[in-house]
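J.: Right, I'll just put the structure down here and ask away after.
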Amino acid sequence: TISGTPGFVINGLTPSTLYNVRVKSDCGDGESSFITISFRTPCLTTIVTGDNPFSEDFNTLTAGIPECWDNSEGTTSYYDYKWNYYSAGEFGAGLRFDSYYNPNGYTNKLKTPVLDLTALSTPIVGFSYKNPNGGDFSVLLSTDGGYTDTIVIATGLTSTSTWTDVEYNLPNLTDASYVVIVFQGTSNWGNGDAYIYLDNVFV
């Protein structure tokens, strides 16, 4: 029972887990019906070291995106047009952004889990991509857990019809404990193979 307090602390929850809480009001002369509140606990920060790199090849996926990744931001509203599962990645499954059906100029941001890179003196992000006829593909960096992403790592990754492996040095960061890599697709409403493909991400 909660009386006169703005909230209730629940301890011992598991990270990255969906919970349902049932709540009802005590009205004095009776009780209301239960309502259900759902929430997901946040993911843990991944600590990246030289001996423990962060990597994701997407090969265990059968739908969607990996747990603790996020594709909720951007002007693309239809879920299937966002960064999403694609069975024919470079080696096994991968992800792709739909630049074919998506209206021109629509965007979607694919964000990694939060990474702590403080143990790395020269962090590098690498990935495989192809972009035969799609719009702009850019890679951005966030140092505040994904809330803002003003640091541009690469942009204009277009007109690439075969899988291409790239690596980029990350800039010197004052605080590298709350880093998120952001893969941004922008649609050009292109023809043919107008998709942007992503695979084999590592830091």
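J.: Tell me which lysines have Cα within less than 21 Å of Lys130's Cα, excluding those fewer than 8 residues away on the same chain?
T.: Lys130 reaches Lys82, Lys109, Lys111.
J.: Once the piece of chain linking Thr162 and Thr118 is laid out straight, how much longer is it, given 0.36 nm per residue of separation minus the C-alpha distance between them?
T.: Separation in residues times 0.36 nm, less the Cα-Cα distance, equals 12.4 nm.
J.: What shape does the stretch 87-162 take by its C-alpha gyration tensor, where a ≥ b ≥ c are the square roots of the eigenvalues and a/c under 1.5 counts as rounded, a/b above b/c as prolate, and the rest as oblate? Let's see the in-between values first.
T.: Values: a/c = 2.01, a/b = 1.51, b/c = 1.33.
Prolate, because a/c is 1.5 or more and a/b exceeds b/c.
J.: If each Cα of the chain is one equal point scatterer, what is log10 of I(q)/I(0) from the Debye formula at q = 0.16 Å⁻¹?
T.: -1.02
J.: So, R0 is 25 Å and r is the distance between the beta-carbons of Lys24 and Thr45; what FRET efficiency does that work out to, to 0.05?
T.: With a Förster radius of 25 Å, E is 0.10.
J.: May I ask you to give the solvent-accessible area per residue for the chain, in square angstrom, as obtained with a 1.4 angstrom probe? Write down the numbers at each step before the final one.
T.: Values: 11210 Å² over 203 residues.
Heavy-atom accessible area per residue stands at 55 Å².
J.: Can you give me the % of accessible surface on the stretch 47-136 that is carbon or sulfur? Probe 1.4 Å, all protein chains present, nothing else counted.
T.: Ligands and nucleic acids excluded, carbon and sulfur reach 47 percent.
J.: Along the stretch 146-163, what does the Karplus equation 6.51 cos²θ - 1.76 cosθ + 1.60 (θ = phi - 60°) give for ³J(HN,Hα), rounded to whole Hz, x for Gly and Pro?
T.: x, 5, 10, 9, 8, 8, 8, 8, 7, 8, x, 7, 10, 6, 10, 8, 10, 4
J.: State the extension gain, in nm to one decimal, for the chain segment bounded by Thr174 and Tyr101, taking 0.36 nm per residue of separation less the distance between their alpha-carbons.
T.: Numbers: separation 73, 0.36 × 73 = 26.28 nm, distance 4.04 nm.
The Thr174-Tyr101 span can extend by a further 22.2 nm.
J.: To continue, here is another question. So if I place +1 on the C-beta of Lys and Arg and -1 on the C-beta of Asp and Glu, and nothing else carries charge, what would the dipole magnitude of the chain be about its Cα centre? I want it in debye, nearest 20. If you can, show how the numbers build up before the last one.
T.: Details: 8 positive and 21 negative charges, 58 e Å.
Using only the charged Cβ atoms, the result is roughly 280 debye.
The values are calculated or read from the model by the stated rules, or taken from the named source; none is laboratory data. These figures come from a predicted structure and were not determined experimentally. Note that each Cβ is placed from the backbone with ideal geometry, even for glycine, and that neighbours are counted across all protein chains shown. We work out accessible area using only protein heavy atoms, side chains counted, and drop any ligands, DNA or RNA first. Shrake-Rupley method; radii C 1.70, N 1.55, O 1.52, S 1.80 Å.
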